[in-house]
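K.L.:
Sharing a structure, written as structure tokens. Questions coming.
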Amino acid sequence: MKSEPDVFGIEHLKKMPKKTEHWDGVRNYQARNMMRDEMKKGDMVFFYHSNCTEPGIVGIMEVVREGYPDFTAFDPEQKYYDPKSDPDKPCWYMVDVRYKRMTKRLISLQELKGYKALEDCPLVRKGNRLSIMPLTKKQWDFILKLEDKKPG
DNA sequence: GCCAACGTTGGC
DNA sequence: GCCAACGTTGGC
């Protein structure tokens, strides 16, 4: 899952009560479908910092609540308000995630792009803008092992 | 339903 | 700050 460190970075998540927060503000259908239909309680997720000096994976979190309506879409006062969505027929969904730990080092996008094992990940594709994307077990394990490896 | 215009994302 | 890539909007 991607987020901008200046807006909501992993340091923010770490400081939340119970180190848990709802992942609001996603206004993209593919990403929404992921949260509404695919992500299950207990699933592990990499936290990815985007739009910053060194974009890449910085930590690990866990899904603690499965897809439910993103209430920030209902309130006109909210930044993420969307009139398309109302409580009777929610358009946008979110999950709750809990901080687990930092990765032992930042695993940069630049590095991830270099591995053949990850060439099928949407993340490393040019022009990718999806903020939430799935990893296969293989890809997840591969990235986890990179923690103990020197970058490059 | 097509598609041009527009807005956003996000790496660089 | 630039700009390519993509998603969304709206006129027709």
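The values are calculated or read from the model by the stated rules, or taken from the named source; none is laboratory data. Being a predicted model, the structure only gives us computed values, none of them experimental. Here the Cβ is made from the backbone with ideal geometry for all residues, glycine too, and neighbour counts use every protein chain on show. Surface accessibility is based on the protein's heavy atoms, side chains included, excluding ligands, DNA and RNA. Shrake-Rupley method; radii C 1.70, N 1.55, O 1.52, S 1.80 Å.
K.L.:
All but one of (1) over 20 Å from A:GLU38 (Cβ atoms); (2) of a type outside the set (Ser, Thr, Tyr); (3) open to solvent by 60 Å² or more (accessible area, probe 1.4 Å); (4) free of Cβ contacts under 8 Å to residues at least 40 places away in the same chain hold for A:ARG125, so report the exception by its number.
P.N.:
Of everything listed in (1) over 20 Å from A:GLU38 (Cβ atoms); (2) of a type outside the set (Ser, Thr, Tyr); (3) open to solvent by 60 Å² or more (accessible area, probe 1.4 Å); (4) free of Cβ contacts under 8 Å to residues at least 40 places away in the same chain, A:ARG125 misses just condition (1).
K.L.:
If a residue counts only when it is among the β-branched types (Val, Ile, Thr) and more than 16 Å from DNA strand C (Cβ to nearest atom), which strands (runs of 3 or more DSSP E) contained entirely in region A:26-138 have at least 2 such residues?
P.N.:
A:56-69, A:93-108
K.L.:
For the subset of region A:128-147 comprising residues that are out of contact with any Phe, Trp or Tyr (no Cβ under 9 Å at 6 or more places or on another chain) and near DNA strand B (Cβ under 8 Å from one of its atoms), which member is modelled with the highest pLDDT?
P.N.:
A:LEU130
K.L.:
Can you tell me which condition A:GLU11 does not meet? The list is (1) in contact (Cβ under 8 Å) with a residue 12 or more places away in the chain; (2) in contact with a helix residue (DSSP H, G or I) (Cβ under 8 Å, 6 or more places away or on another chain); (3) of a type outside the set (Ser, Thr, Tyr); (4) within 20 Å of A:ARG101 (Cβ to Cβ), and all the others hold.
P.N.:
Just one mismatch for A:GLU11, condition (1).
K.L.:
Surrounded by 13 or more Cβ atoms within 10 Å (Cβ to Cβ) and in contact (Cβ under 8 Å) with a residue 60 or more places away in the chain: which single residue out of A:TYR80, A:TYR68, A:TYR93 fits that description? Lay out the reasoning, then the answer.
P.N.:
Numbers: A:TYR80 fails: in contact (Cβ under 8 Å) with a residue 60 or more places away in the chain; A:TYR68 fails: in contact (Cβ under 8 Å) with a residue 60 or more places away in the chain.
Checking each option against the conditions leaves just A:TYR93.
K.L.:
Also, quick follow-up: Among the residues of region A:1-43, write down those that are in contact with a Leu (Cβ under 9 Å, 6 or more places away or on another chain) and either more than 15 Å from DNA strand B (Cβ to nearest atom) or among the hydrophobic types (A, V, I, L, M, F, W, C) (or both).
P.N.:
The first filter runs over region A:1-43 and keeps only residues in contact with a Leu (Cβ under 9 Å, 6 or more places away or on another chain), leaving A:2-3, A:19-21, A:28, A:30-31, A:34.
Selection gives A:LYS19, A:THR20, A:GLU21, A:ALA31, A:MET34.
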